[in-house]
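Structure first, then comments.
The values are calculated or read from the model by the stated rules, or taken from the named source; none is laboratory data. On a predicted model such as this, the values are computed, not experimentally measured, just so you know. A quick note on method: Cβ atoms are made from the backbone with ideal geometry, for glycine too, and the neighbour counts reach across all protein chains shown. What goes into the accessible areas is simple: the full protein's heavy atoms, side chains included, and nothing from ligands, DNA or RNA. Shrake-Rupley method; radii C 1.70, N 1.55, O 1.52, S 1.80 Å.
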Amino acid sequence: MNIHTPDMDKEMTREEAAQALARLRAWAKTASAEEIADLDPSVAALLPGQGADYPALSREYPADFTVDAAYKADLPDLQNGPASLIRGAQRQIQHVGISNFRLPIRFHTRDNGDLTLETSVTGTVSLEAEKKGINMSRIMRSFYKHAEKTFSFEVIEAALDDYKSDLDSFDARIQMRFSYPMKVESLRSGLSGYQYYDIALELVEMDGLRKKIMHLDYVYSSTCPCSLELSEHARMTRGQLATPHSQRSVARISIEVSEGDCLWFEDLIEMARTAVPTETQVMVKREDEQAFAELNAANPIFVEDAARLFCEQLHKDQRIGDFRIVASHQESLHSHDAVSILIEGDTFSAESIDPKLFQTLFHVG
């Protein structure tokens, strides 16, 4: 015999449902997995962090787990997904990739054989509007295939070919930055020490045209010609001791390397030193410090002079195409810097400049 009570047909209120849910959850917290499954597996979904189709997960790292081809093929790949996954405007991105990927690279030198230097790599490619993204690790893998070779622009080109092909892009760029040591003699004492030059090699391909670019930061002392004349005037007319102001200064020289004979790092450094000989010193005794004061007095220089003197030297070398000179004289007289930019050709021309460009020329010893 079935017993039917009027309450069974009564529609449950939200408050009654909440009470029933609370009692069911309280029971499920103390019940075993078998008891829950025996009642109804869906009860597990009522517990925090659980779900009917979400099993309890292992919290131990599976060191012996191996990946086969089938497993790899089944892995999700959101970054290389369809255009329907693109967020934001569906537009071409000119450069996307990695920055400051570091590894040891061997370089040819003009005078001292090969050197292995820690190198920071920036690699980017273009991304077409209908593509979601790129596989960043492919850039690193492509570069590593060539990392054991002695590097030159030709090997950088091989790396660029690889990752441009791997990532199916039309434009690409590789830049390698490193600190290049070069032994420099003191002015008079006969001592010598290593000067370190910030250098970057860049290979750019746009619209099927490749350009090889070299950047050099050259650090020098600049003595203000006006301050020098005023100091001498005070000495001569009033017998007043006065010193002209001079300051550490930096020029970033960027050049397009023309095809033909090799342009060595040392060649570009020597051009800069010929243009502005007051390079900061490494090993200094008293006679060197006096010589440096004399050298600065013989070569007083405004920031405009510096840009034009560097330009004059670069013009003389047929291995150099377009170039840009960015100079910053970090004034000891003023609380601001004196700066100049001189550009030759179209490679480095731009309507706008990085607002923090000149801050990047600050040299920390």
List Y71, Y196, Y220, Y61, ordered by accessible area with a 1.4 Å probe, largest first: Y61, Y196, Y71, Y220
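Taking a threshold of 29 Å on the Cα-Cα distance, which of the pairs K72/K212; K183/K212; K149/K183; K211/K316 fall above it? Let's see the in-between values first.
Working: K72/K212 38 Å; K183/K212 26 Å; K149/K183 25 Å; K211/K316 20 Å.
In this structure, K72/K212 lie more than 29 Å apart at Cα.
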Each residue of segment 284-289 in order: what ³J(HN,Hα) in whole Hz does its phi give by Karplus 6.51 cos²θ - 1.76 cosθ + 1.60, θ = phi - 60°, with x for Gly and Pro? 9, 10, 4, 5, 6, 5
Can you give me the distance in nm between label points at A26 and E287, each placed 7 Å from the Cα along the Cα-to-Cβ direction? 9.7
Answer with one residue from A200, M271, L295: the one whose Cα lies farthest towards the positive end of the charge dipole of segment 183-322, charges on Cβ with Lys, Arg +1 and Asp, Glu -1. L295
Relative contact order of the chain (C-alpha contacts under 8 Å, at least 6 apart) in percent is 11
Gap in Å between the Cα centre of segment 306-365 and the Cα centre of segment 178-240? 11
Could I have the simple spin-label model distance between F170 and D111, label points 7 Å from Cα toward Cβ, reported in nm to one decimal? 4.7
How big is the equivalent ellipsoid of segment 107-263 along its three axes, where each semi-axis is √(5λ) from the Cα gyration tensor, reported in whole Å from largest to smallest? 45, 20, 13
Relative contact order, percent, of segment 42-172 when contacts are C-alpha pairs under 8 Å separated by at least 6 residues? 23
Take each of the peptides 157-167, 284-294, average the number of other beta-carbon atoms within 10 Å over its residues, and list them starting from the highest. 157-167, 284-294
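Working out 0.36 nm times the residue gap between H233 and A129, then minus their Cα-Cα distance, what length gain in nm do you get to one decimal? The partial results should precede the final answer.
Details: separation 104, 0.36 × 104 = 37.44 nm, distance 6.55 nm.
Using 0.36 nm per residue and subtracting the Cα-Cα distance, I get 30.9 nm.
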Degrees, to the nearest 10: 225-238 long Cα axis against longest axis of the chain: 50
Over segment 25-148: Rg over Rh, Cα atoms, Kirkwood Rh: 1.23
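Tell me, what is the FRET efficiency for A89 and H315 to the nearest 0.05, using R0 = 41 angstrom and their Cβ-Cβ distance as r? Kindly include the intermediate steps, with their values, before the conclusion.
Working: r = 44 Å, r/R0 = 1.07.
According to the calculation, E is roughly 0.40.
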In nanometres, what is the gap between the two model label sites at D38 and E16, each 7 Å from Cα along Cα-to-Cβ? 2.9
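Tell me the per residue accessible area of the chain using a 1.4 Å probe; a whole number in Å² is fine. If you can, show how the numbers build up before the last one.
Working: 22850 Å² over 365 residues.
In whole numbers, the chain has 63 Å² accessible per residue.
Using only alpha carbon pairs under 8 Å that are at least six residues apart, calculate the relative contact order of segment 271-318 and give it in whole percent.
Details: 22 pairs, mean separation 29.7, N = 48.
Reported as a whole number, the value is 62 percent.
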Here are a few candidate values for volume of the Cα convex hull per residue in Å³: (1) 165; (2) 192; (3) 310. Which one was actually calculated from the structure I just gave you? (3)
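How do Y218, Y194 rank by accessible surface area computed with a 1.4 Å probe, from largest to smallest?
On the way: Y218 0, Y194 120 Å².
Output order, biggest surface exposure first: Y194, Y218.
How many percent of the accessible area of the chain is carbon or sulfur, using a 1.4 Å probe? Please list the in-between numbers first.
Numbers: 11640 of 22850 Å².
The computed percentage sits at 51.
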Spin-label proximity, D77 to segment 166-190 - amide N less than 18 Å from point 7 Å beyond Cα toward beta carbon: 166-170
